[in-house]
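A short worksheet on the structure shown next.
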Amino acid sequence: MATVRGNHGARTVASTFVGYFILIFFALVFIYPFVIQLSASFKTEPNAALNPLNPVPDPFVTDAYHKVFLSTDMPLWLGNSLVVTVAITLGRVLLDSMAGYALARLRFRGRKALFSAVIAILAVPGVVLFIPKFLVLKQFGMYDTYTALILPIIADAGGVFIMKQFFESIPRSVEEAARIDGAGTWRTFWSVVLPMGRPALITLTIISFQSSWNELPHSLVAVQSPDLYTLPRGLAVLVSGSLGSGNQYPLKLGAAVLATIPVAIIFVVFQRYFVRGANEGADK
Amino acid sequence: MRLSAKARENIAGWLFVAPVIVILGLFMLLPILMAMWVSLTDWNGQGSPFKAGVPFVGVDNYAKLFTDEGLTRQDFMTSVRNNIYYVGIVVPVQTVLALGLALVVNARMLKGKGFFRAAFFFPSVTSSVAISVVFLFIFASSGAVNNLLAFFGIQGPQWFADARGLLHLALGGLGLVDVDNPPAWLLDGGPFGLSWWDWLAGPSVAMSTIMLLVIWTTSGTFMLMFLAALQDIPVTLEEASMLDGAGRWKRLRYVTLPMLKPTLFLVLTMGIISTWQVFDQVYVMSQGAPGKTTLTPAYLSYTQAFDNFEYGTGTAISFVLFAIIVLFTIVQRWLLRERNA
């Protein structure tokens, strides 16, 4: 009996060890590239090329960031990205929750067909829309404007779906009480239902912010003037064509760090909402 | 006149959904219809594609992709070949990696779950453009990866300049064929204007860096989905199987995996749909080079339209891509139905 238990104990220790080994190995694989990115952005160019693996910049210089802000259009890209992202996020949160609420709660003719249409639109792969979106923007005379960057993606089927699922999960009784008190549909929605929807609204805010902050292809088909470049577009222009030739890496990586920081902060603060967002996406 | 409560709810409902309908209608549905028309024309981007005088060419643009001999078909088929290898490798690897990580993170005796979950998931939320820049640096010829390989005495390749196919390299390495002088029967014939030798190239060394990047960024999201499914498995079920004396592997094979089947199918479908659309990484890292081995249909459709002003072939490619994705989705749905029945 004793030997059996001893064996068992040894096996548990061994598998715990193997488990941690796997976890730590992969944590390094997933995180170390960011460490390399951050440290290289504080290195001198020769040092970054010579010691790409070393996490400690020696000497530590901030030249790359000076250059990013002074000799590229980074301030413009940051500003554009901020305007576009905030507008899209606010729009999506409002419009998607209105539509989600109507589809979940209001009885109107055509509701079922509309919901099926939303599901169908969810299934349309984004890349198929590159050229079509460009065509429509040209036709409407919107091409190469801020409107083109914002309006076409200010509502999305995925967000409508998430909000509908959420509103279906909250009890009807509260709304009904408000209705009996004489509140109209809009009042009920705005001051009773939306405040209860906080968790879903935060999730939607975060995934909208993240996806529009990172968005590249829509910018490619919506605008062409450098004045309207968002950060991913500017960054892509900054690096494209270089094909791994070792020049200016601290500068490019510094610009990439700036593109990563806002989402990284939100990720750290609101991690559980990100997790929820990933799993809501799975329910589609 | 007072409206009945029912009529008022009807109106309110439509008002609430109106903005979303207008946006999705104008920028999703209408564009698709317009693009269907453009794919049947030879429009060059000048003026409106609906004016008289835009040459209507019927299915010529589609014929150029499949039947007409020429550069367009060769590029398109090359891009399809590249993407087939890309899907065939990325989807299984990221699924297995995601499942494996989820099983380890979920293991009861390990601590620090929250940290590891966050570490694995973080790459998925960051900008694909920014990550591509990082990978360009890491895989540069004297970059981090080659430094690491040199530590083990291996000389790394010039990742982004290397157009050699991995399958060619493997066949050559096994001594089955002479890569510099492939057998004539492989070079002579082959479907859709590409020789069998070309079809059998495998992904190029350059493409494999993009595959590694995508596996690295998306595994975390799928891991979360597996984790959520694992947490839904009743503990009693696992305990019962433990009491029955099932070992760890048996438990995984006969208890855990069957419970994960719906998630597994979902992860595979989502993986296939997104891998057929690879674009951002190609745009930033390689623009189809070297030797067109990182060209994908999504990227080709973009360059046909916006660099070569051949909007007709560009949209035709995107509809073929649409059809490929729909086909995979239908096959998956059908398989799932069989299993649920």
>> Restricting to region B:70-97, name every residue that is open to solvent by 20 Å² or more (accessible area, probe 1.4 Å) and either under 28 Å from B:LEU260 (Cβ atoms) or touching a strand residue (DSSP E or B) at 6+ places or on another chain (Cβ under 6 Å) (or both).
In response: B:ILE84, B:TYR85, B:GLY88, B:ILE89, B:PRO92, B:VAL93, B:VAL96, B:LEU97
> Say we look at region B:97-118 and pick out the residues that are aliphatic (A, V, I, L, M) and within 8 Å of another protein chain (Cβ to nearest Cβ); which of these is nearest to B:TRP216 (Cα to Cα)?
Replying inline: B:LEU101
>> Looking at A:GLY110, A:GLY100, A:GLY182, can you tell me which residue is assigned by TED's automatic domain parsing to the domain that holds A:ARG276, of a type outside the set (S, T, N, Q) and under 25 Å from the mean Cα position of the chain (by Cα)?
In response: A:GLY100
>> List the helices (runs of 4 or more DSSP H) inside region A:143-228, counting only whole elements, that have at least 3 residues being under 21 Å from A:ARG111 (Cβ atoms) and open to solvent by 20 Å² or more (accessible area, probe 1.4 Å).
In response: A:157-169
> When you go through B:SER141, B:SER127 one by one, which is the residue that is under 23 Å from the mean Cα position of the chain (by Cα), polar (S, T, N, Q) and at the interface with chain A (Cβ under 7 Å from one of its Cβ atoms)?
Replying inline: B:SER127
> Looking at (1) among the small types (Gly, Ala, Ser); (2) in contact (Cβ under 8 Å) with a residue 12 or more places away in the chain; (3) open to solvent by 10 Å² or more (accessible area, probe 1.4 Å); (4) part of a helix (DSSP H, G or I), which is the only condition B:SER132 fails?
Replying inline: (3)
> Restricting attention to region B:253-312, which residues are buried (at least 24 other Cβ atoms within 10 Å of the Cβ), out of contact with any Gly (no Cβ under 7 Å at 6 or more places or on another chain) and of a type in the set (A, V, I, L, M)?
Replying inline: B:VAL267, B:VAL278, B:VAL284, B:MET285, B:ALA298, B:LEU300
> Restricting region A:49-91 to residues that are closer than 23 Å to B:PHE139 by Cβ and in contact (Cβ under 8 Å) with a residue 40 or more places away in the chain, which is surrounded by the fewest Cβ atoms within 10 Å (Cβ to Cβ)?
Replying inline: A:ALA49
> If you scan region B:141-155, which residues turn out to be modelled with pLDDT of 90 or more and surrounded by 15 or more Cβ atoms within 10 Å (Cβ to Cβ)?
Replying inline: B:ALA144, B:VAL145, B:ASN146, B:ASN147
> Restricting the search to region B:209-228, which residues are facing chain A (nearest Cβ under 9 Å), open to solvent by less than 20 Å² (accessible area, probe 1.4 Å) and more than 17 Å from the chain's Cα centre (by Cα)?
Replying inline: B:LEU224, B:MET225, B:LEU227
> Do we have any residue at all in region B:62-69 that's open to solvent by 10 Å² or more (accessible area, probe 1.4 Å), without any contact (Cβ under 8 Å) to a residue 40 or more places away in the chain and not acidic (Asp, Glu)?
Replying inline: yes
> Considering only region B:98-129, how many residues are of a type outside the set (Gly, Ala, Ser), open to solvent by less than 40 Å² (accessible area, probe 1.4 Å) and under 15 Å from B:LEU227 (Cα atoms)?
Replying inline: 8
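Residue-wise test of (1) at pLDDT below 90; (2) of a type in the set (A, V, I, L, M); (3) under 20 Å from B:ILE11 (Cβ atoms).
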{"site": "A:ASP181", "(1), (2), (3)": "yes, no, no"}
{"site": "A:GLY184", "(1), (2), (3)": "yes, no, yes"}
{"site": "A:GLY197", "(1), (2), (3)": "yes, no, no"}
{"site": "A:ILE207", "(1), (2), (3)": "no, yes, no"}
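The values are calculated or read from the model by the stated rules, or taken from the named source; none is laboratory data. Predicted, not measured: the structure shown is a model, and the values here were computed from it. Cβ atoms come from the backbone with ideal geometry, glycine included; neighbour counts cover every protein chain shown. All accessible areas refer to the heavy atoms of the entire protein, side chains included, with ligands and DNA or RNA removed. Shrake-Rupley method; radii C 1.70, N 1.55, O 1.52, S 1.80 Å.
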